[in-house]
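Asker: Here it is, the structure, as structure tokens.
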Amino acid sequence: MRALWKLTWLELKIFAREPLGLIGALIVPAVMVVVLGGALRGGGLRGVEPDAARLGAFVGVNLPVLGAMVAALNAVLALVTIVSIYREGGILKRLRATPVSAVTILSAHVIVRIVMTMATLAVMVMAGRRIVGMHLDARTLSFAVAAVISMVSILSIGFLIASVVPTARFAQPVGAVILYPMLAISGLFVPLTAYPGWLAVLARALPLTYSVSLLRGIWIGESWPAHIGDVAALAVFAVVFTAASARWFRWQ
Amino acid sequence: MQPVVHVSQIRKAYGSTVAVEDVSFDVEPGQIFGLIGPNGAGKTTTMECIEGLRKQDQGTISVLGLHPLRDVRALQLRIGVQLQEAQLQKRIKVWEALDFWASLYPRAVDPKSLLEQLGLADKRDAWFMTLSGGQKQRLFIALALINDPELVFLDELTTGLDPQARRTIWDLIRGIRDRGKTVFMTTHLMEEAERLCDRVAIIDHGRIIDVDTPTALIARHCPERSVLLTTADDGAETRFRAIRGARSVDRQGSHYRIEGSGDDFVGEVIRCVAGLSVHVTDFRTVMPTLEDVFLRVTGHSIRD
């Protein structure tokens, strides 16, 4: 446990030392919220007359969910990339000769990603307070908890990809190819009920679907008990993927 | 005394490529043991099997009385490892690396004194990426020593370092041995092995050619000695030819090269020179090196 906290703290410090990483994690998302949100709110996008009600629904419900999901996917890609860089650089190989376990190393990176993603979301919420009407109330905190649960589950996919993808060059594309289609059929853009049968079955076999359901439900004010099934499904995915990556983790 | 490392007839193949074959040797406690040979000879494979990082296909290995794979947890606490071409996070600070490594072990030495021993005290706040090659290697030695191990593995530690940095590292390795630890190292630098190692195993194409002290290996495989001397005595040549053990005398003006073999050959030359009437203005003995031994036993140069 001591090693996990040391490594987590260490990796956070190391991340903060990379100027580009910090700008990408904190400043760019904030600017995007302000610019995009401002454009949408002002009816901005020049020449387009927005359907105020639909736009309001999208900004009000789907935008926070989409934001959380994209942040989670970016965290997965970052995790996959950093683990493969560590593998190629021989950092993992060096650690293998010590008593530290693969799960400790991956967990430290997952915690770092969660902390950074939460920081990103917090910055986005602060920047978007006026635009999207976000407030730091009980619902927002509940949403944050739901986002963490989703992230742990989604990051466990990253665990598995990071464990088996051989080089950093492959990591990003492999991650993107696996993750973005999952997001596309997660029910975020088109409701699950509108899918043909086989696609609905596939969607139900993927963790992102449950994340979207959970996040959206909590955001629109539904109760936690109503979403206990989503939480359970996400927990199962996390356990299965983590076990699989511990089994197939490649040190070099 | 029981050997620290016992390797018996191990074999390891990657697909159809046999990396090591029928490799056996023992490492005695308190010594610097060198596994020497060219790149690709099987040094790293052998070492990583001993460290428990790889599994050999055949043969047995015992390290500190433990099985490297079955007892890997117990072993990791008692050995220190430096790997070839390992890196750390670019922006990790020197003290942070030591602090983290120390947290991995139930018992660790004081990082501060370790930094001082290795001459890194003034670099404690430097990022890994800003260190020179020699400083990085000294940090890796420090990490290998953090758990106060009984046995330290050093793989191609001085490759790519300049001669000055290399000498500093050599002194550090002797220091490790002098504190009672056993050092297992690999190198393709014969000079390094000869100066540093108490015993060496020569490996080539995955097979052990011979194991002994550098001195004994030289005596066994390259017993010839040469004496280079300069004298203006014209009558010297016939006298030199009469020296017991002398095989050839080569003369270039007043410069002579006398080649012979045997332990007493150089003594015979000295006694002969003492009997000359004219001053000898230069006298040097040329001893074969491990490099010559390697060439002799493998039939090719180590750089091929």
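Asker: Looking at the structure I just gave you, is A:ILE218 at pLDDT 85 or above and either surrounded by 15 or more Cβ atoms within 10 Å (Cβ to Cβ) or outside any loop (DSSP other than H, G, I, E, B) (or both)?
Answerer: On the way: at pLDDT 85 or above: yes; either surrounded by 15 or more Cβ atoms within 10 Å (Cβ to Cβ) or outside any loop (DSSP other than H, G, I, E, B) (or both): yes.
Yes, satisfied.
Asker: Then there is this: With respect to B:LEU118, is the statement that it is in contact with a strand residue (DSSP E or B) (Cβ under 9 Å, 6 or more places away or on another chain) and within 29 Å of B:VAL5 (Cβ to Cβ) true?
Answerer: On the way: in contact with a strand residue (DSSP E or B) (Cβ under 9 Å, 6 or more places away or on another chain): no; within 29 Å of B:VAL5 (Cβ to Cβ): yes.
Taking the combined requirement at face value, the residue does not satisfy it.
Asker: To continue, here is another question. Answer yes if at least one residue in segment B:229-247 is in contact (Cβ under 8 Å) with a residue 12 or more places away in the chain, part of a strand (DSSP E or B), basic (Lys, Arg) and buried (at least 17 other Cβ atoms within 10 Å of the Cβ), and no otherwise.
Answerer: No, segment B:229-247 contains no residue that is in contact (Cβ under 8 Å) with a residue 12 or more places away in the chain, part of a strand (DSSP E or B), basic (Lys, Arg) and buried (at least 17 other Cβ atoms within 10 Å of the Cβ).
Asker: Could you say which residue among B:SER254, B:SER226 is modelled with pLDDT under 90 and in contact with a strand residue (DSSP E or B) (Cβ under 8 Å, 6 or more places away or on another chain)? Break it down into steps so the answer makes sense when it comes.
Answerer: Details: B:SER226 fails: modelled with pLDDT under 90.
Exactly one residue qualifies, and that residue is B:SER254.
Asker: Is it fair to say B:SER277 is in contact with a Leu (Cβ under 9 Å, 6 or more places away or on another chain) and not in a strand (DSSP E or B)? Don't jump to the end; show me each part of the working.
Answerer: Working: in contact with a Leu (Cβ under 9 Å, 6 or more places away or on another chain): no; not in a strand (DSSP E or B): yes.
So B:SER277 fails the test.
Asker: What residue, of B:ALA108, B:ALA144, B:ALA74, B:ALA41, is among the aliphatic types (A, V, I, L, M), in contact with a strand residue (DSSP E or B) (Cβ under 8 Å, 6 or more places away or on another chain) and farther than 29 Å from B:GLU192 by Cα?
Answerer: On the way: B:ALA108 fails: in contact with a strand residue (DSSP E or B) (Cβ under 8 Å, 6 or more places away or on another chain); B:ALA144 fails: farther than 29 Å from B:GLU192 by Cα; B:ALA41 fails: farther than 29 Å from B:GLU192 by Cα.
The conditions single out B:ALA74.
Asker: Would you mind listing the helices (runs of 4 or more DSSP H) fully within segment B:92-187 where at least 1 residues are within 14 Å of chain A (Cβ to nearest Cβ)? Break it down stepwise before answering.
Answerer: Details: elements: B:94-103, B:111-117, B:133-145, B:163-178.
Of the helices (runs of 4 or more DSSP H) lying wholly inside segment B:92-187, those with at least 1 residues that are within 14 Å of chain A (Cβ to nearest Cβ) span B:94-103, B:111-117, B:133-145.
Asker: Could you please find all residues in segment A:71-104 being among the β-branched types (Val, Ile, Thr), in contact (Cβ under 8 Å) with a residue 40 or more places away in the chain and either more than 11 Å from every other protein chain (Cβ to nearest Cβ) or not in a helix (DSSP H, G or I) (or both)?
Answerer: The answer is A:VAL76, A:VAL80, A:THR81, A:VAL83, A:VAL100, A:VAL103.
Asker: If you check B:GLY80, B:GLY52, which single one turns out to be more than 12 Å from B:LYS12 (Cα to Cα), within 14 Å of chain A (Cβ to nearest Cβ), in contact with a helix residue (DSSP H, G or I) (Cβ under 6 Å, 6 or more places away or on another chain) and part of a loop (DSSP other than H, G, I, E, B)? Before you say what the answer is, go through the steps one by one.
Answerer: Working: B:GLY80 fails: part of a loop (DSSP other than H, G, I, E, B).
Of the residues listed, the single one that is more than 12 Å from B:LYS12 (Cα to Cα), within 14 Å of chain A (Cβ to nearest Cβ), in contact with a helix residue (DSSP H, G or I) (Cβ under 6 Å, 6 or more places away or on another chain) and part of a loop (DSSP other than H, G, I, E, B) is B:GLY52.
Asker: Of everything in segment B:166-192 that's among the charged types (D, E, K, R) and within 20 Å of B:VAL63 (Cα to Cα), which residue is surrounded by the most Cβ atoms within 10 Å (Cβ to Cβ)?
Answerer: First, pick out the residues of segment B:166-192 that are among the charged types (D, E, K, R): B:166-167, B:171, B:174, B:177-179, B:181, B:191-192.
When the remaining residues are screened for being within 20 Å of B:VAL63 (Cα to Cα), the result is B:177, B:179, B:181.
Values: B:ARG177: 17, B:ARG179: 11, B:LYS181: 21.
If we take residues in segment B:166-192 being among the charged types (D, E, K, R) and within 20 Å of B:VAL63 (Cα to Cα), then B:LYS181 is surrounded by the most Cβ atoms within 10 Å (Cβ to Cβ).
Asker: When B:ILE202 is evaluated against the numbered criteria (1) farther than 28 Å from B:ARG91 by Cβ; (2) surrounded by fewer than 16 Cβ atoms within 10 Å (Cβ to Cβ); (3) of a type outside the set (D, E, K, R); (4) not assigned by TED's automatic domain parsing to the domain that holds B:ARG271, which criterion, by number, is the only one it fails?
Answerer: Condition (2) is where B:ILE202 drops out.
Asker: Select the helices (runs of 4 or more DSSP H) contained entirely in segment A:108-204, then report the ones holding at least 1 residues which are among the aliphatic types (A, V, I, L, M) and at pLDDT 85 or above. Working first, answer last.
Answerer: Values: elements: A:129-132, A:138-164, A:168-184, A:197-204.
Filter on segment A:108-204 gives A:138-164, A:168-184, A:197-204.
Residues are listed down the side, and each one gets a yes or a no for (1) buried (at least 17 other Cβ atoms within 10 Å of the Cβ); (2) of a type in the set (D, E, K, R); (3) touching a residue at least 40 places away in the same chain (Cβ under 8 Å):
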site	(1), (2), (3)
B:LEU75	yes, no, no
B:GLY80	yes, no, yes
B:LEU83	yes, no, yes
B:SER113	no, no, no
B:LYS123	yes, yes, no
B:ILE141	yes, no, yes
B:PHE153	yes, no, yes
B:THR159	yes, no, yes
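Asker: Of the residues in segment B:138-165, how many are at pLDDT below 90 and farther than 23 Å from B:LEU64 by Cα?
Answerer: 8
Asker: Scan segment B:271-285 residue by residue and report those that are aliphatic (A, V, I, L, M) and either surrounded by fewer than 13 Cβ atoms within 10 Å (Cβ to Cβ) or outside the structural domain of B:THR231 (by TED's automatic domain parsing) (or both).
Answerer: Here is the first cut: in segment B:271-285, the ones aliphatic (A, V, I, L, M) are B:273-274, B:276, B:278, B:280.
Listed by number, the residues that qualify are B:ALA274, B:VAL278.
Asker: Still on this structure, I have one more. If you check B:VAL7 against the conditions, is it buried (at least 17 other Cβ atoms within 10 Å of the Cβ), more than 13 Å from chain A (Cβ to nearest Cβ) and touching a strand residue (DSSP E or B) at 6+ places or on another chain (Cβ under 6 Å)?
Answerer: Numbers: buried (at least 17 other Cβ atoms within 10 Å of the Cβ): yes; more than 13 Å from chain A (Cβ to nearest Cβ): yes; touching a strand residue (DSSP E or B) at 6+ places or on another chain (Cβ under 6 Å): yes.
Spelling it out, B:VAL7 is indeed buried (at least 17 other Cβ atoms within 10 Å of the Cβ), more than 13 Å from chain A (Cβ to nearest Cβ) and touching a strand residue (DSSP E or B) at 6+ places or on another chain (Cβ under 6 Å).
The values are calculated or read from the model by the stated rules, or taken from the named source; none is laboratory data. Only a predicted model underlies this, so the values are computations on that prediction, with no experimental measurement involved. Positions of Cβ are backbone-derived with ideal geometry, glycine not excepted, and every protein chain shown enters the neighbour counts.
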